[in-house]
Amino acid sequence: QVQLVESGGGLVQAGGSLRLSCAASGSAASISVMGWYRQPPGKQRELVATITSGGTTNYADSLKSRFIISRDNAKNTVYLQMNSLKAEDTAVYYCKARQPGSPYNFWGQGTQVTVSS
């Protein structure tokens, strides 16, 4: 059973940066894809970025220039470096993980990111 623990959210001024972390309880071999999604106030959850165990990344096109996803397989941890933050980046950010051969997604509880203008 995979459990996800998120950290790094908080309040930041526009133009600033934050780094989110998400640690999975499973081994590196048990985690195939990890990623980040976000849900702005009053909106549906949307993709931010994903990364495979081999390092292949996928970003929402509008975020590629500002956000960077990375992964440490030995620590079962995924990171999201967010730069040049804007007010519209304000959202609850959720960590996601999936195991090989399974369509089931594990989700973290979410961490609030608030960007002040």
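The values are calculated or read from the model by the stated rules, or taken from the named source; none is laboratory data. Given the structure is predicted, the values throughout are model-derived calculations rather than measurements. Counting neighbours? That spans all protein chains shown, and the Cβs are built from the backbone with ideal geometry, glycine included.
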How about the stretch 36-89: which of its residues are within 24 Å of residue 11 (Cβ to Cβ) and of a type in the set (D, E, K, R)? 38, 43, 45, 46, 66, 86, 88, 89
Which condition from (1) touching a strand residue (DSSP E or B) at 6+ places or on another chain (Cβ under 8 Å); (2) farther than 20 Å from residue 104 by Cα is the one that residue 52 breaks? (2)
Quick one: how many residues across the stretch 1-21 are closer than 18 Å to residue 102 by Cβ and either in contact with a Cys (Cβ under 7 Å, 6 or more places away or on another chain) or among the polar types (S, T, N, Q) (or both)? 3
In the stretch 38-46, is there at least one residue being over 22 Å from residue 102 (Cα atoms), under 10 Å from the mean Cα position of the chain (by Cα) and of a type outside the set (Gly, Ala, Ser)? yes
Looking at the stretch 1-39 only, could you name the residues that are of a type in the set (Gly, Ala, Ser) and at pLDDT below 95? 23, 24, 25, 26, 27, 28, 29, 30, 32
